[in-house]
Every structure is written in C-alpha cells, then in structure tokens.
Amino acid sequence: MKLNGAQILIHCLKREGVKHVFGYPGGAVLHIYDALEAQDEITHVLVRHEQGAAHGADGYARANGMPGVVLVTSGPGITNAVTGIATAHMDSIPMVVISGQVPSPLIGMDAFQEVDATGITRSCVKHNFLIRDISEVASTVKKAFYIATTGRPGPVVIDIPKDITIAEMEMEEYPETVEMRSYKPTTKASNRQIRKAAELIANSQRPIFYSGGGCVIGNASKELRELTRKLGFPITQTLMGLGAYPGTDKLSLGMLGMHGTYEANMAMYESDCVVAIGSRFDDRITGNLEKFCPTAKFIHIDIDPSQISKNVVADIPIVGQTKQVLQALIDELKDKKLTDISKWWSQINEWRKVDSLAYTKKSGVIKPQTVIEMLYEVTKGKAIVTSDVGQHQMWAAQYYLFDEPRQWINSGGLGTMGFGLPAAMGAKIAMPDRDVACVTGEGSIQMMLQELSTMLQYSTPVKIINLNNGYLGMVRQWQEFFYEKRYAMSYMDALPDFIKLAESYGHIGIKVEKESDLKPALVEAFKQKDRTVFLDILTDPSENVFPMIPAGGAHCDMLLAGRDQMVSKDETDFNAV
Amino acid sequence: MRHIISVILENEAGALSRVSGLFTQRGFNIESLTVAQTNDVNLSRMTIVSSGSDRVLEQIVKQLNKLIEVVKVSDLTSQDHVERELMLVKISSVLKDNVDLKELVEIFGCKVVDVTEKIYTIEVSGKTKKINAFLDAFDPANIIEVSRTGVTGISRGKK
C-alpha cells in the first residue's frame with residue numbers, strides 16, 4: 001500500500017508506542033495533522049504556545065519515563081519550542097521533536113516561515129535530523145527514538161520538509177532495531193573500577209553518597225536504596241535527584257549545594273570519600289571549586305564519559321548506567337568488612353542539631369515555607385510536584401520530602417521560568433490517577449499562563465500553588481544581599497487578579513491571605529478531583545531562601561537564617577550568576 | 001600545548017558544523033581544521049589543530065566522541081604520526097632584497113607552479129614549521145598572497 005510521508009510518520013510513531021503528542025499546527029505540518037486526524041491511537045494535545053508543547057512533553061517524560069513527543073510547524077513553531085528543547089537537554093530528558101520545514105526546493109530561499117531548524121537547535125539537542133527523502137522517514141524516526149532514549153537521554157529534533165510529507169511510497173516494514181556504527185550507548189562498567197571503588201568505599205571513614213538526576217532518569221532508585229541502606233552511609237541528593245532516595249529516611253541529609261542543608265554541605269566538606277552517582281558537579285553544587293571537598297577522594301559514576309573529570313577530577317571514574325553500576329557495587333560489597341563510621345554519624349548528627357531549615361513565623365503573614373509544609377501534609381507527601389524557577393522552587397525542594405523518584409519535576413539545569421504549569425499538565429496526562437501540584441510564583445506563572453486553556457480542554461486537573469509575594473523573589477534576594485537593596489525591576493507591579501483569571505479560563509480560583517485559611521483552602525483544592533484549582537497565596541515578600549552559600553564560598557561558608565547577615569563581602573560576588 | 005586531533009565521522013550534511021559548533025560552544029580554540037572524504041565514501045576525516053591543557057584536551061576528545069556522527073577520535077600528537085600542510089604562495093618576482101628564489105625553492109624542496117610577469121606562485125608542503133620558515137625567508141613586502149590548507153595528519157604504521 002502506498003502511503004504519503006505524513007502517514008508513514010504517524011505509523012512510525014505508533015510503532016514506537018507513542019500515546020500522546022503535544023503540538024500546534026501550521027502550514028508546513030498540515031499533512032501530518034491530516035494523517036493524525038485520521039487515526040485514534042495517538043491523542044494530540046493542542047497547546048496554546050509551542051514552548052508549552054515542549055514543556056508539556058517534558059513533564060510527561062519525567063513523570064512516566066516515556067519519551068515526550070512534540071509536533072510543531074516551521075519557523076516560529078520551532079523557534080518557540082527551542083526554550084523547551086534546551087530545558088530538556090540540560091536535564092537529559094528523552095524527547096522527540098518533529099518540526100515541519102518549508103518544501104525542499106524552497107529551503108535556503110528565505111521562504112515564508114522558514115528558519116534553519118537544525119542549525120538553531122544544534123547546540124541544545126542530543127542530535128537532530130533534516131529529512132531529505134521520503135525513504136528516510138522510517139529509519140530517521142527509529143534512530144531518533146533510539147538516540148533520545150538510550151545512553152544519556154536527551155531531545156532529538158526531526159525537521160521534515162512539507163513536500164516529503166506529501167510524497168508517496170510503498171510503506172516498508174518499520175525497522176525493529178537500529179545499528180549505528182558511530183553511536184554505541186551501552187557501556188558496561190569495568191569490573192576493575194568497580195573493585196577499586198568497593199575497596200575505597202569499604203575503607204573510608206567519612207563517606208557520603210551524592211546522587212543526582214542520573215538515579216531518577218536511570219531508574220536506579222531501587223539499587224540506590226539497597227546499597228545506601230546496606231552500607232548505612234549518609235546520602236545527600238541534588239535538586240535533580242530528589243526522591244530517588246526517600247527524603248524522609250534517616251540516612252538522608254536532604255539536598256546539598258547553594259541552598260542545601262547544613263548537614264549535607266558540612267558532610268561534603270569534611271568527607272574523605274564522595275561517591276557521586278549520576279550527578280555532574282554542577283556549579284550550584286560545588287560552589288568554589290578550589291575549596292570543594294578538600295579532603296575527599298572522588299568516585300564518579302556516570303553514563304556520560306564527558307561528565308567525568310569535567311569540573312572535579314575523579315579518583316575512580318566509572319562509566320556506566322547508574323542502575324547497573326550500583327548493582328555491581330552491591331554484589332562486590334556483599335561480603336566486605338566495612339569501616340565503623342559511627343563517629344562520622346555522631347558528627348553529622350551534631351550538624352543536624354543546627355536545624356538549618358528552621359524559620360521564624362511572623363504573625364499576620366504567611367511564610368512560604370509553611371505553605372510547602374502544609375501542601376506536604378494535605379497530600380500526605382504523595383503528590384507529583386512540579387515547580388517553576390526561583391525561591392518557590394528552592395522551598396519546594398527543601399520542605400517537600402520526596403520519597404519516590406519522578407515525584408519532583410523541575411527545570412534544574414536551564415532554570416526555565418514558565419516550566420511548571422505545562423510540565424504539570426504533561427505529568428497529569430502521563431499519570432492521570434496521581435495528584436499533581438504546580439508550585440509557582442506570580443512571576444513564573446505569567447510566562448506560560450495560556451496553558452490554563454489547554455488544561456481545561458483536556459481536563460488535566462492540577463493544583464496551582466502560587467506563592468505570590470509580589471516580587472521576583474530570587475532576584476530580589478540577590479539584590480538585597482549583593483546590590484545594596486537596589487531592587488531593579490524585581491517588583492511585580494500591576495498583577496492580574498489571579499482568581500478572576502483562573503475563573504475566566506474555566507477553573508476554580510481561591511485567594512488565601514491568612515495562615516488560618518491555608519489548610520482549608522488546600523484541602524478544598526485537592527477535594528476537587530476533576531478541576532484545576534488556582535490557589536493564589538499571599539506570602540511574606542521579605543522572606544529569603546536559607547541556608548545559602550554565597551558565590552565564591554565553600555560548603556563550610558554557609559549562611560544560616562537568623563544567624564548570619566547577608567552582605568556582599570568582595571567583588572567576586574558580582575561575577576557570580 | 002598544541003594537539004592534532006584526527007576525527008573520523010559519518011559523511012553527512014551538517015556534520016562539519018556540528019564539530020565546529022562544538023568548539024565555539026565549549027570555548028575550545030581551533031588553529032586549523034581540514035576535512036575531506038576518506039577511501040570509504042561514507043566517512044570523512046577531519047584534522048583539527050587545537051591547543052590547551054591536558055584537561056581541556058581530554059574534554060575536547062570526550063565531547064567529540066559524544067557527537068552522534070563521530071566514529072573515532074584520536075590525538076595524533078600522543079602517538080607516532082606524520083603531519084603535512086600545503087601552502088600556495090605568491091611571491092613578487094621583482095624581489096626587493098637579495099633572496100635567490102630558485103635556491104630557496106631547491107632548499108625547501110618546493111615547486112614553482114605558475115609564473116606570470118611579476119609573480120611566482122610556489123607550492124610548499126611540509127610541517128607547519130617548515131612552511132613558516134619558508135615565509136620567514138622573504139621580506140614580507142615580497143609576499144603577495146598566502147593560502148594554506150591547515151594541517152592534515154595520519155598515524156604511522158599498521159593501524
């Protein structure tokens with residue numbers, strides 16, 4: 001049977017097991033939409049802006065582990081999606097983006113809605129393709145899904161000119177497997193390295209596990225729990241790793257880094273053996289590299305060799321999948337005699353007494369931390385929580401103790417404001433039976449507000465927790481500390497009435513101005529199982545995120561709430577971002 | 001330190017810009033870059049001359065390996081290798097100093113490939129140092145135009 005390129009494309013997506021596509025139509029993809037309309041295996045989610053499509057597919061992928069699929073038109077369609085693609089790329093999220101292109105003969109002629117899609121996306125994708133002939137459609141889709149989901153995952157863009165979607169050919173069998181001589185993602189960790197690591201682990205006196213997003217994306221939570229508990233080691237997790245190890249567990253020291261807990265950062269600073277598992281020594285984690293973990297030896301487990309010794313030189317590098325490497329370590333350490341680390345634990349427990357996440361309530365204002373604690377209580381710690389970017393993101397990470405992987409969804413690498421709402425929508429589509437909350441702020445939410453409309457159309461009930469303090473809080477915090485309180489452009493004036501706004505989109509809006517109203521409002525919101533509820537919660541505008549390692553500082557230089565004054569000490573602060 | 005990195009990659013549209021883009025994106029420098037098809041029509045060899053510390057070089061090699069189309073990356077400078085560069089240079093035949101052009105051509109083992117009324121075009125090949133030395137032998141005023149290919153190289157022996 002002869003099929004056109006668009007029909008072949010849709011057929012391939014079905015064969016890849018795609019159930020949902022997030023997209024927006026336009027001239028160059030009309031044939032693809034025509035083919036999509038003629039079937040009912042794949043549901044198309046019509047977003048209101050292509051960035052929302054990319055974030056939606058991203059949230060979907062993070063929630064259920066399946067690759068997110070995006071379909072956009074040429075020109076502005078793909079450029080609008082770029083922020084979402086870059087977001088997925090920074091956090092290694094599997095995604096396949098199909099973008100329409102002007103017909104092949106018009107490429108390079110500055111045609112209507114033409115951009116060089118592969119050129120523009122080159123530096124923010126794992127790989128991209130420009131299809132040049134209809135015979136390449138099936139093999140390209142196969143390769144795209146293979147590349148996006150294997151090794152270190154990431155987004156792959158397929159740019160497909162309109163004439164190729166129109167051309168016809170006999171449909172060949174969709175390839176079952178794909179062989180690429182230049183891409184071999186499956187690496188088995190070296191046994192020798194595993195043995196060396198096990199030796200170091202067994203003999204260390206002040207060990208710590210520092211695990212990251214690689215344990216979530218690599219589905220290594222089970223092995224991570226088993227190994228950590230077997231060894232009885234303290235574990236700290238990055239912003240991207242939260243939930244892979246339960247946040248409520250007694251071995252968990254919470255998050256580390258710029259806004260990490262006192263015990264996590266101090267333990268890193270004093271450790272003699274740091275085991276990095278699927279984490280990449282990001283600058284938000286390490287602070288000043290010269291003062292980072294001065295007495296530690298590093299074991300670095302990562303699937304991507306280029307991460308190893310990029311920022312911090314690894315003493316024992318292990319290239320491999322977190323899941324397999326952790327299992328190998330469990331086996332290797334099974335009968336090994338371990339060093340007694342009870343002294344190390346007493347030291348850690350001393351640090352814990354500092355209670356670095358304590359905050360002082362003030363009468364008459366709602367503390368943002370209280371909101372997250374209450375959200376945790378009302379959802380019994382079981383909700384999927386997405387966030388936008390800024391102070392609220394840090395508070396959600398600090399005060400909602402995630403016990404499961406894929407429960408916490410945020411833009412960690414790129415720090416994309418506007419991510420939270422469409423990601424929550426995507427997560428709800430992926431996990432319709434779960435409660436989904438989007439923790440956001442009045443700044444971030446306004447970057448992707450239009451998706452409220454999509455959420456009504458596709459009935460994706462999400463609870464929006466808007467921590468409204470009238471400021472771009474993280475910007476304001478830095479200005480307070482490092483710019484002598486010159487609050488340039490961080491005040492959000494002329495805010496909309498979020499309640500009316502939510503209502504006009506067909507959702508429920510609840511304003512919360514008093515702490516006593518907070519819990520009833522949250523309970524009410526989660527009772528509305530099939531409605532999106534927008535909780536506009538007025539919070540303390542002067543609250544700052546603590547602890548904080550000022551830029552250029554070491555893990556032992558943390559500033560604590562109520563104890564330290566935050567003032568700019570030297571010029572290096574200004575070079576920080 | 002100067003490194004010659006040899007990259008074998010799939011001969012596909014966009015592969016060259018992926019490699020050159022990687023260098024700008026990550027702040028690695030490129031002194032020269034040459035590329036052409038190999039004996040396998042599906043593969044190209046790219047030879048890149050870059051400089052940096054061992055750690056920078058390690059990152060360059062790893063990042064290149066990460067590109068989907070790259071089949072093999074090797075640092076030629078770390079092994080026995082042969083390297084060559086080709087230069088075409090136009091020299092004024094009305095030499096302003098006492099250089100004997102024919103003698104130089106002989107010493108450097110190069111060829112005069114074109115002669116016009118006032119200009120000799122000379123083909124020089126060899127290591128970069130030799131090419132530089134040839135140019136240094138002339139008064140800059142006599143050098144009219146230079147076109148160099150950049151370095152290409154290959155490892156010695158069986159592999």
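Read-outs: derived from the displayed coordinates by stated rules, not from any lab. Note that the structure is predicted; figures quoted are calculated from it, not measured. We place every Cβ from the backbone using ideal geometry, glycine too, and count neighbours over all the protein chains shown.
Under a model in which nothing but the beta-carbon of Lys, Arg (+1) and Asp, Glu (-1) is charged, chain A shows a dipole of about 1600 debye around its Cα centre. Quick check: Cα centre of segment B:58-117 to Cα centre of segment A:100-128, how many Å? Spelled out, the Cα-based centre of one part sits 36 Å from the other.
Couplings 3J(HN,Hα) of segment A:68-85, computed from phi: x, 10, 10, 10, 9, 8, 6, x, x, x, 6, 5, 4, 7, 4, 4, x, 5 Hz, in residue order, whole Hz [Karplus 6.51 cos²θ - 1.76 cosθ + 1.60, θ = phi - 60°; x for Gly and Pro].
Measuring r between the beta carbons of A:K511 and A:S363 and using R0 = 22 Å, the FRET efficiency lands at 0.65.
The mean number of partner chain beta-carbon atoms within 10 angstrom of a residue's beta-carbon across peptide B:58-66 is 4. Amide H contacts for A:I318 (H built 1.01 Å from N in the peptide plane; partners 5 or more residues away or on another chain; cut-off under 5 Å): A:H300, A:I301, A:D302. Rounded to the nearest 5, what % of the DSSP beta bridges within chain A are antiparallel ones? Among the beta bridges of chain A, antiparallel pairing accounts for roughly 5 percent. Identify the residues of segment B:73-109 with backbone N under 19 Å of a label point that sits 7 angstrom from the Cα of B:T116 along the Cα-to-Cβ direction, or state none. Within reach of a label on B:T116: B:88-96. In this rough spin-label picture, where each label sits 7 Å from Cα along the Cβ direction, the A:M489-A:L30 distance is 4.0 nm. One decimal place: the segment A:S123-A:R229 gains 34.2 nm when fully extended, by the rule 0.36 nm per residue minus the C-alpha distance. Near A:G68, the amide H atoms lying under 5 Å from its own belong to A:A61, A:M95, A:V96; only residues 5 or more places off or on other chains count, and H is placed 1.01 Å from N. By the compact-protein rule of thumb, 2.2 N^0.38 Å, the alpha-carbon radius of gyration of segment B:1-57 corresponds to a ratio of 1.15. Computed on chain B, with alpha-carbon pairs under 8 angstrom and 6+ residues apart, the relative contact order is 28 percent. For segment A:158-270, pairs of C-alpha atoms spaced more than 20 angstrom apart make up 60 percent of the total. Using θ = phi - 60° in the Karplus curve 6.51 cos²θ - 1.76 cosθ + 1.60, the 3J(HN,Hα) couplings for segment A:410-415 round to 8, 8, x, x, 7, x Hz; x is entered for Gly and Pro. For segment A:63-86 versus segment A:252-306, the spacing of their alpha-carbon centroids is 32 Å. Computing FRET efficiency as 1/(1 + (r/R0)^6) for A:S542 and A:D249, where r is the C-beta to C-beta distance and R0 is 30 Å, gives about 0.35. Here segment A:191-352 is described by how far its Cα atoms reach on the three principal axes: 35, 33, 28 Å, from widest to narrowest.
Equivalent ellipsoid of segment A:78-143: semi-axes from √(5λ) of the C-alpha gyration tensor, largest first, are 21, 16, 8 Å. Please report the base-10 log of the normalised intensity I(q)/I(0) for the protein assembly as shown, using a Debye sum with one equal scatterer per alpha carbon and no solvent, at each q in 0.05 (1/Å). Here log10 of I(q) over I(0) equals -0.30.
Here is the tail figure for segment A:468-512: Cα pairs spaced more than 12 Å apart come to 66 percent of all pairs. Put a plus charge on the Cβ of each Lys and Arg, a minus charge on the Cβ of each Asp and Glu, and nothing anywhere else: the dipole of segment B:81-155 about its Cα centre is then about 220 debye.
Counting Cβ atoms of other protein chains within 10 Å of each Cβ in A:118-125 and taking the mean gives 3. Taking amide H positions as modeled 1.01 Å from N, with prolines and chain starts lacking one, the residues under 5 Å from A:I510 and 5 or more places away or on another chain are A:F534, A:L535, A:D536. Cross-link check: pairs A:K380/A:K514; A:K250/A:K380; A:K142/A:K334 evaluated at a Cα-Cα cut-off of 29 Å; pairs beyond the cut-off: A:K142/A:K334. Each label was represented as a point 7 Å from its Cα along the Cα-to-Cβ direction; for A:E404 and A:A202 these points are 3.7 nm apart. Each 10 Å bin, from zero up to the one with the longest distance, holds this percent of the alpha carbon pairs of segment B:1-123: 11, 34, 21, 20, 13, 1. Note on chain A: helix-only mean residue ellipticity at 222 nm, from DSSP H runs of 4+ residues weighted -39500 (n - 2.57) and normalised by residue number, equals -10500 deg cm²/dmol.
Projected label points at A:R15 and A:I499, each 7 Å from Cα along the beta carbon direction, are separated by 5.5 nanometres. Working ranking of peptides A:22-33, B:12-23, A:124-135 by packing, defined as the average number of other Cβ atoms within 10 Å per residue, highest first, is A:22-33, A:124-135, B:12-23.
Here segment B:81-155 is treated as a Stokes sphere of Kirkwood radius computed over C-alpha pairs; at 37 °C and 0.692 mPa s its diffusion coefficient rounds to 260 µm²/s. For segment A:424-531, the list of chymotrypsin sites (Phe, Trp or Tyr not before Pro) that fall in a loop by DSSP and count at most 14 other C-beta atoms within 10 angstrom reads A:Y487. Descending by average beta-carbon neighbour count within 10 Å, the peptides A:45-56, A:391-402, A:303-314, A:250-261 line up as A:45-56, A:391-402, A:250-261, A:303-314, the highest first.
Each peptide in A:95-105, B:54-64 gets a packing score, the mean of other Cβ atoms within 10 Å over its residues, and the list from highest to lowest is A:95-105, B:54-64. Legend: mean number of C-beta atoms from other chains within 10 angstrom of residue C-beta atoms, peptide A:183-192, equals 1. Derived scalar couplings between HN and Hα for segment A:373-378 equal 4, 5, 4, 4, 5, 5 Hz in order, rounded to whole Hz, by the Karplus curve 6.51 cos²θ - 1.76 cosθ + 1.60 (θ = phi - 60°), x for Gly and Pro. What does the C-alpha gyration tensor say about the overall shape of segment A:1-108? Classify as rounded when a/c is under 1.5, otherwise prolate if a/b is larger than b/c, or oblate. It is oblate, given that a/c is not under 1.5 and a/b is not larger than b/c. Only the Cβ atoms of Lys and Arg (+1) and of Asp and Glu (-1) were treated as charged; on that basis the dipole of segment A:198-309 about its Cα centre amounts to roughly 260 debye. Length gained on full extension, A:K353 to A:R132, computed as 0.36 nm times the residue gap minus the Cα-Cα distance: 73.2 nm.
Lys-Lys pairs in segment B:81-155 that are eight or more residues apart or on separate chains and whose Cα atoms lie under 23 Å of each other come to 17. Using the Cβ-Cβ distance between B:V94 and A:Q113 with R0 set to 51 Å, the FRET efficiency works out to roughly 0.35.
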